[in-house]
Amino acid sequence: MRILSIHNSYQIRGGEDESREAEESLLKEMGHQVEVYHEHNHQLRDFHPINLAVNTIWSQHAYQTVRQQLKQNPKDLIHVQNFFPLISPSVYYAAQAEGVPVIQTLRNYRLLCPNGLFFREGQVCEDCLGKFVPWPGIAHGCYRQNRGATGVTAAMLTVHRTLQTWHKQVNLLISLSKFARQKFIEAGWPGEKIVVKPNFIHHDPGVGEGTGGYGLFVGRLSVEKGLDVLLDAWTQLNANVPLKIVGDGPLANLVVEASQKFPHVEWLGRRSLTDVHALMGQAMFLVFPSQWYETFGRVAIEAFAKGTPVIASDIGAIAELVDHGRTGLLFDPKDSTDLTAKIEWLLNHDSERDQMRQAARLEFETKYTAQKNYHQLIKFYDQVLHG
């Protein structure tokens, strides 16, 4: 099968990039021809604001580039991973002009919410959900905390909603979770065109021992990831359990202050994937205190692969991944006291924790291996190609 993968990378590398790269690599390993059309946000500084605005709504460069690639090297289908902001929805029309079907993976909520997160001022916000023109996002400057930039994003959404671009130009939409799929359906998207395929771990990192005696957080140090709730919970613990924090971001100073004030909190900064998996394998549990509607939760399935239980917020897709009492525990995302109680329960129930380790690993083997994912992906490709 010949595939053109299209993606626009952000300035800060994240889980979306890792998941997309894993998918492309897996397809190549399985003998498929994968060509990549890629733009990166570091190019944004080269654009005049007016040109960038026009390009976000319709990139003639991307349209011509994709058509040329398809003419020179014909493809069976195009898989769009992310087009915002430099590539634009024009690539769908380029595919249609060359008679090539399109699949779009919905890796965030950008097509429903200007900032892509359903999160504003420290809490979940659905003000733009279902609105044809997402004006609340403009009023609050939700994208990059800038009304002008948000207005451009809203214009792109409104123009292509008017054209029914995602209804008419895209053959199939892949959501990463049932929760995220339901949000798109609530916004009026056709449920029959949205299928669910989770992310996966490309190479099995192997089971860990879980003997490190510490809790672990891995992720961006930002408000939506629940760092304040996590740190507050740790101050309430009766047991002196170490907390290791991996990652970087705008709340790094908060983590530094906590590590200086509380000796059991340790900030490790950014680490390689190999290091992260090693830390996960030795951790007693992983904490996933997210405050927003995660579309998936890649860190959780990495922990499962190592056999490590996950204590997660009961919100968004992460609540769908963690089976309370079997592969981990769920807590009220706004309640640090509830998180403390869940941590202490896990610390005081050794046999149940051991059972969770086995169940977590089984969950990975059942749902999130490369082999399972490959079969799902090819099934959807065949569905688009052969009806």
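Going through Trp292, Trp267 one at a time, which residue ends up being assigned to a loop (DSSP other than H, G, I, E, B) and of a type in the set (Phe, Trp, Tyr)? Can you show your working first?
On the way: Trp267 fails: assigned to a loop (DSSP other than H, G, I, E, B).
The conditions single out Trp292.
From the list Tyr143, Tyr92, Tyr109, the one residue that fits, being of a type in the set (Phe, Trp, Tyr), crowded, with 23+ Cβ neighbours inside 10 Å and touching a Leu at 6+ places or on another chain (Cβ under 9 Å), is Tyr109. Checking each residue in segment 1-58 for being in contact (Cβ under 8 Å) with a residue 60 or more places away in the chain, basic (Lys, Arg) and not in a helix (DSSP H, G or I) picks out only Arg2.
Being assigned to a helix (DSSP H, G or I), farther than 23 Å from His202 by Cβ and either in contact with a strand residue (DSSP E or B) (Cβ under 8 Å, 6 or more places away or on another chain) or among the aliphatic types (A, V, I, L, M) (or both) is a property that does not hold for Leu279.
When you look at Thr65, is it of a type in the set (Val, Ile, Thr) and part of a helix (DSSP H, G or I), yes or no?
yes
Within segment 18-72, restricting attention to residues that are among the charged types (D, E, K, R), crowded, with 18+ Cβ neighbours inside 10 Å and more than 24 Å from Val159 (Cα to Cα), the residue that is farthest from the chain's Cα centre (by Cα) is Glu24. The sole residue among Lys75, Lys131 that is of a type in the set (Lys, Arg), touching a strand residue (DSSP E or B) at 6+ places or on another chain (Cβ under 7 Å) and surrounded by fewer than 23 Cβ atoms within 10 Å (Cβ to Cβ) is Lys75.
Checking each residue of segment 159-170 against the condition of being modelled with pLDDT of 95 or more, part of a loop (DSSP other than H, G, I, E, B) and either in the same structural domain as Glu294 (by TED's automatic domain parsing) or crowded, with 18+ Cβ neighbours inside 10 Å (or both) gives at least one match. Checking each residue in segment 179-198 for being part of a helix (DSSP H, G or I), in contact (Cβ under 8 Å) with a residue 12 or more places away in the chain and more than 26 Å from Tyr374 (Cβ to Cβ) picks out Lys183, Glu186.
The listed residues are Ala312, Ala319, Ala278, and the only one of them that is crowded, with 24+ Cβ neighbours inside 10 Å and modelled with pLDDT of 95 or more turns out to be Ala312.
Okay, residues lined up against (1) closer than 21 Å to Arg298 by Cβ; (2) at pLDDT 95 or above; (3) not charged (D, E, K, R):
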position	(1), (2), (3)
Pro205	yes, yes, yes
Gly208	yes, yes, yes
Gly215	yes, yes, yes
Leu221	yes, yes, yes
Lys225	yes, yes, no
Ala239	no, no, yes
Glu257	no, yes, no
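When Gly206, Gly210, Gly249 are checked against the criterion of being outside any helix (DSSP H, G or I), farther than 30 Å from Thr366 by Cα and out of contact with any Asp or Glu (no Cβ under 6 Å at 6 or more places or on another chain), Gly249 stands alone in meeting it.
The values are calculated or read from the model by the stated rules, or taken from the named source; none is laboratory data. Computed from a predicted structure; not experimentally measured. Positions of Cβ are backbone-derived with ideal geometry, glycine not excepted, and every protein chain shown enters the neighbour counts.
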